[in-house]
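Colleague: Sending over a structure as structure tokens; questions will come in a sec.
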Amino acid sequence: MTRALEGKVAIVTGAGQGIGTVVATLLAQRGATVILADIDADRVESSASAIREAGLKAVGLSFDLAQEDEIADAVRRIAADHGRIDIIHNNAALQTESQRNRDLDVVQLDTHAWDMAFAVNARGPMLLCKYALPTMIDGGGGSIIHSASGFGLLGETTLTAYGSSKAALINLSRFIATQYGKRRVRSNVIAIGFVLSETAIETTPQAVKDILLAHHLSPELGAPIDIANVVAFLASDEARFINGAMIPVDGGFTAHQPSMVDFERLFAAAGSSKL
Ligand SMILES: NC(=O)c1ccc[n+]([C@@H]2O[C@H](COP(=O)([O-])OP(=O)(O)OC[C@H]3O[C@@H](n4cnc5c(N)ncnc54)[C@H](O)[C@@H]3O)[C@@H](O)[C@H]2O)c1
């Protein structure tokens, strides 16, 4: 395993479960001291202690990304305790069942659900960068990776607030790259497709997984480690020439014509692949 992140201090938000825990673990394996942040104090401490038990450097820290004062305090503590901030992975997102049930099409959308999606998924990452960037720049620069989604690129029949907040995050990343690139800050965004996190494995019916897989160009669906590998690369100096980029990490889900699967079925039924 490469130690490309030795000596670096990384913050991973939403690291109490799912993709965030896997990213935090990989960054620690590559040598970083990782601050695992999450609103859920118990979960984030248990993820951090599992990393420490493997002999790696990890600290759990609980704060709410919807609360500016909590973010500012957390960054102050991290800067005081560790002296530098080299990597930020803006991974957290609000996707609880109650939020999803209220985040519908525009007419039926609960206005508070819209506000909460933006507070956690767009304003929170902006505030974390706002407070952490001076320390990152003082330390000689760093790498910020934001986790967006295909919902931030294309329309859907539901999850309007989630998708719109992810679209905001995509452009926030470019603004940060533009404003601080000369001071050696890189800011890139990954547009994640469907990933089999614990929650996704439990809550996604097989019929839905089958539809999603049919639209992938890869032979299988993605796993959290597929995201973590890209984050770890973008965090490392090997990615020093990548800045302001939006990288789909989705098995090709957004690379093909939307009608591809329907045409495949039509061709199969007709026994011909001619349009
Ligand atoms: N899993 C997928 O298929 C998929 C697809 C596209 C994009 N993504 C993106 O990847 C990221 C991680 O996805 P996941 O499936 O692992 O998510 P998850 O829901 O399993 O984990 C998200 C974490 O964020 C934390 N969080 C929520 N609100 C918070 C707040 N106010 N303050 C601090 N922490 C808060 C939660 O407690 C949770 O631990 C998200 O940004 C998500 O939008 C995931």
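The values are calculated or read from the model by the stated rules, or taken from the named source; none is laboratory data. Keep in mind it's a predicted model, so treat the numbers as computed, not measured. As a convention, Cβ positions derive from the backbone with ideal geometry for all residues, glycine included, and neighbour counts pool all protein chains shown. For the accessible areas, the whole protein counts, side chains as well, though only heavy atoms, and no ligand, DNA or RNA atoms are used. Shrake-Rupley method; radii C 1.70, N 1.55, O 1.52, S 1.80 Å.
Colleague: Using the structure shown, decide if Met260 is among the aliphatic types (A, V, I, L, M) and in contact (Cβ under 8 Å) with a residue 60 or more places away in the chain.
Modeller: So Met260 fails the test.
Colleague: OK, next. Among the candidates Gln17, Gln67, single out the residue that is under 22 Å from Ala117 (Cα atoms), without any contact (Cβ under 8 Å) to a residue 24 or more places away in the chain and touching a helix residue (DSSP H, G or I) at 6+ places or on another chain (Cβ under 9 Å).
Modeller: Gln67
Colleague: In the range 173-193, what residues are hydrophobic (A, V, I, L, M, F, W, C) and more than 13 Å from the ligand (Cβ to nearest atom)?
Modeller: Matches in the range 173-193: Phe175, Ile176, Ala177, Val185.
Colleague: For the range 25-49, how many residues are touching a residue at least 40 places away in the same chain (Cβ under 8 Å) and more than 11 Å from the ligand (Cβ to nearest atom)?
Modeller: Total meeting the criteria: 7.
Colleague: Within the range 44-62, can you find the residues that are open to solvent by 70 Å² or more (accessible area, probe 1.4 Å) and under 14 Å from Lys8 (Cβ atoms)?
Modeller: The answer is Lys57, and nothing else.
Colleague: Restricting to the range 63-103, and then to whatever is open to solvent by 30 Å² or more (accessible area, probe 1.4 Å) and of a type in the set (Asp, Glu), can you tell me which residue is nearest to Thr157 (Cα to Cα)?
Modeller: Glu97
Colleague: Considering the range 7-24 alone, what residues qualify as being away from the ligand (no atom under 15 Å from the Cβ), surrounded by 24 or more Cβ atoms within 10 Å (Cβ to Cβ) and among the small types (Gly, Ala, Ser)?
Modeller: Across the range 7-24, the qualifying residue is only Ala10.
Colleague: Is there any pair linking a residue in the range 151-168 that is closer than 16 Å to Arg100 by Cα and in a helix (DSSP H, G or I) to one that is hydroxyl-bearing (Ser, Thr, Tyr) and open to solvent by less than 50 Å² (accessible area, probe 1.4 Å), with Cβ under 7 Å and at least six apart or on different chains, and which?
Modeller: Between residues of the range 151-168 that are closer than 16 Å to Arg100 by Cα and in a helix (DSSP H, G or I) and residues that are hydroxyl-bearing (Ser, Thr, Tyr) and open to solvent by less than 50 Å² (accessible area, probe 1.4 Å), the close pairs are Phe151/Tyr162; Lys166/Ser149.
Colleague: Applying the selection to the range 222-254, what residues are within 17 Å of Leu196 (Cα to Cα) and open to solvent by 30 Å² or more (accessible area, probe 1.4 Å)?
Modeller: Once the filter is applied, which keeps residues that are within 17 Å of Leu196 (Cα to Cα) and open to solvent by 30 Å² or more (accessible area, probe 1.4 Å), the range 222-254 yields Ala223, Ile225, Asp226, Asn229, Val230, Pro248, Gly251, Phe253.
Colleague: Could you tell me which of the residues Leu196, Leu217, Leu213 is within 14 Å of the ligand (Cβ to nearest atom) and touching a residue at least 12 places away in the same chain (Cβ under 8 Å)?
Modeller: One residue alone meets the criteria, Leu196.
Colleague: Report yes if Val106 is buried (at least 20 other Cβ atoms within 10 Å of the Cβ) and of a type outside the set (Ser, Thr, Tyr), otherwise no.
Modeller: When the stated conditions are applied, Val106 does not pass them.
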